[in-house]
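Engineer: Could you have a look at this structure, given as structure tokens, before my questions?
The values are calculated or read from the model by the stated rules, or taken from the named source; none is laboratory data. All of these numbers come straight from a predicted model, not from anything done at the bench. Backbone-built Cβ (ideal geometry, glycine too); neighbour counts: all protein chains shown. In case anyone asks, the SASA skips ligands and DNA or RNA and just uses the protein heavy atoms, side chains included. Shrake-Rupley method; radii C 1.70, N 1.55, O 1.52, S 1.80 Å.
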Amino acid sequence: MTQAVQGYAEGYYGRLPSWQERRVLLDTLARLGQNTYYYAPKEDARHRLNWREPYPSEWRAEFAAFCGHARERGIRVVAGVAPGLDFDFKDLHDGPDRQALFDKSRQLLSDGADCLSLLMDDIDEDFHQRSGGMRSEGQAHAQLANALAEELGERLWVTPRIYANELAASAPTYLPDFLATLQTSHTVLYCGRDIVTRQADCRDIHQVAPPSAHPLVLWDNLYANDYCPQRLFLGAWSGREQADACVLNPTGLLHTDCLLLDMMASTRAANGDAHEVWHEVMRRHGVPEAFDALAPWFAHPVFNGEAFVAPEPPDASALAAIETCLWRWKTPLSREWYPFIFGLKLDLLIQQGKMSSLRIRKTRSAPLALRLGAGDPG
């Protein structure tokens, strides 16, 4: 990498942006001075679940136009293929799975991608069923990446199965074997100590594996909510300012993600108080000041190893702010945030004992309503 990576990772579950939305994201990246769009959507079936299937001509035309739009704006497109769910390693040196992977990768490059990424993340620990006689999963994944790179004549980005320190306990030899085998010209994506972490540094990989010369890119899940889709995180982009190379994996909500990209870029540019930047970015995107009273409930996830501290009980001004944000703020961004703000209102009513059993049954899922004791007529 000749230029520090800063950009957007379309790597979340649950949402699949349209091509028009992706072009808006490209325009946002260019305006913010960022340079990378990482295309690895979990909901694109031909990217992951059905990775062997070639993309149809209509999709290829859209992807080529997307890459052309990116090129005009100085944005590099890194396109991913994720065969890890069921790649058969007996085909590592020759066979149909190897050929399918090579064909899919060549197609993405020929249609305009600047770089290819191999993803082996979020897969079952069942390597022994598809090992092809290889004993080391980390070595096998790295050998596959090396073989693909040699076939393409390209440097790759690679996401290993163990992509955060918290995952390493289940396979302590994976990363040492992986890094020892992977050619050092290839870039490794890593989340740091935890999959979602307050202090994020991709160099934390060297706490569980010997130091290596591979370029590292932080895969930042600070705002990701695909693992808790009823929540939304909108706090300051803090604790990762020292990450020279970073792609942000956010929500899949277009206007929200544009705001969060601005949060990352502005915090980095300011080199100062991330919380002061937070206020500036919120106002720039038309978020009313009333939302500031709600911000503690939307700040950050619960991080590993930290005590859970709930926000202070809402006072009258906070409750009034909820009403303002729900009924008097009308923008594309407010429509994305509406279900989360309304959900907060209902949760606060439940916490304060102000919601009837009937309304709980109407607004909560059946298991939660029963847990809250709202199963009886009332």
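Engineer: How charged is the neighbourhood of SER356? Take every other residue with its Cβ under 14 Å from the Cβ of SER356, and add Lys/Arg as +1 and Asp/Glu as -1.
Structural biologist: Numbers: positive: LYS354, ARG359, ARG361, LYS362, ARG364; negative: ASP376.
Combined, the nearby Lys, Arg, Asp and Glu give +4.
Engineer: Whole number in Å², please: accessible area per residue of the chain, 1.4 Å probe, ligands, DNA and RNA not counted. Walk me through the numbers before you get to the answer.
Structural biologist: On the way: 16830 Å² over 378 residues.
For the chain, the per-residue accessible area is 45 Å².
Engineer: Taking 8 Å as the Cα distance limit and 6 or more residues as the minimum spacing, I'd like the relative contact order of the chain as a percentage.
Structural biologist: Details: 622 pairs, mean separation 50.0, N = 378.
13 percent.
Engineer: Something else now. LYS362: which aspartates and glutamates have alpha carbons under 16 Å from its alpha carbon, excluding same-chain residues fewer than 8 sequence positions away?
Structural biologist: Reachable aspartates and glutamates: ASP347, ASP376.
Engineer: When the chain is fully extended, how far beyond the present Cα-Cα distance does ARG328 get from GLN230, taking 0.36 nm per residue of separation? Let's see the in-between values first.
Structural biologist: Details: separation 98, 0.36 × 98 = 35.28 nm, distance 2.24 nm.
Between ARG328 and GLN230, full extension yields an extra 33.0 nm.
Engineer: Ignoring ligands, DNA and RNA, what percent of the 1.4 Å accessible area of the range 42-156 is carbon and sulfur?
Structural biologist: Whole-percent figure for carbon plus sulfur exposure: 43.
Engineer: Take each of the peptides 95-101, 301-307, average the number of other beta-carbon atoms within 10 Å over its residues, and list them starting from the highest. Intermediate results must be reported in sequence, preceding the final value.
Structural biologist: Values: 95-101: 16.6, 301-307: 12.0.
The peptides rank, most packed first, as 95-101, 301-307.
Engineer: If the cut-off is a Cα-Cα distance under 18 Å, which aspartates and glutamates reach LYS345, setting aside same-chain residues fewer than 8 apart in sequence?
Structural biologist: Cα-Cα hits under 18 Å: GLU289, ASP292, GLU312, ASP315, GLU323, GLU336.
Engineer: Another question, if that's okay. What fraction, in whole percent, of alpha-carbon pairs in the range 93-214 exceed 26 Å separation? Walk me through the numbers before you get to the answer.
Structural biologist: Numbers: 1523 of 7381 pairs.
Cα-Cα pairs of the range 93-214 separated by over 26 Å account for 21 percent.
Engineer: State the percent of C-alpha pairs, over all pairs in the range 156-253, separated by a distance greater than 17 angstrom. Working shown, then result.
Structural biologist: Numbers: 2346 of 4753 pairs.
Here the long-distance tail beyond 17 Å is 49 percent of all Cα pairs in the range 156-253.
Engineer: May I ask you to derive the FRET efficiency for ASP244 and ALA307 from their Cβ-Cβ distance with R0 = 45 Å, giving the value to the nearest 0.05? Walk me through the numbers before you get to the answer.
Structural biologist: Values: r = 31 Å, r/R0 = 0.69.
So, using R0 = 45 Å, E works out to roughly 0.90.
Engineer: Follow-up. Ranked highest first by average number of other Cβ atoms within 10 Å, how do 7-13, 48-54 line up? List each step's numbers first, then the result.
Structural biologist: Values: 7-13: 23.9, 48-54: 15.3.
In descending order of packing, they fall as 7-13, 48-54.
Engineer: With the chain treated as a Gaussian network of Cα nodes joined by springs under 10 Å, which of ALA82, ALA30, ALA310 yields the largest mean-square fluctuation?
Structural biologist: With Cα springs under 10 Å in the chain, the top fluctuation among ALA82, ALA30, ALA310 is at ALA310.
Engineer: Starting from the Cα of LYS104, draw a straight line to each of the aspartates and glutamates and keep only those under 14 Å, dropping any in the same chain fewer than 8 residues away.
Structural biologist: By straight Cα distance, LYS104 reaches ASP44, GLU53, GLU151.
Engineer: What is the set of long-range amide H partners of SER117 at a cut-off below 5 Å, with H atoms built 1.01 Å from backbone N?
Structural biologist: ALA79, GLY80, VAL81, TRP157
Engineer: Under 15 Å from the Cβ of GLY74, count the other residues' Cβ atoms, weight Lys and Arg +1, Asp and Glu -1, and hand me the total. Don't jump to the answer; show the numbers that get you there.
Structural biologist: On the way: positive: ARG23, ARG31, ARG71, ARG73, ARG76; negative: ASP27, GLU72, ASP114.
Net charge around GLY74: +2.
Engineer: If you find the alpha carbon centre of the range 1-76 and of the range 196-220, how far apart are they in angstrom?
Structural biologist: When both Cα centres are located, 24 Å separates them.
Engineer: Compute the separation of the alpha-carbon centres of the range 251-294 and the range 85-129 and state it in Å as a whole number.
Structural biologist: Measuring centre to centre over Cα atoms gives 37 Å.
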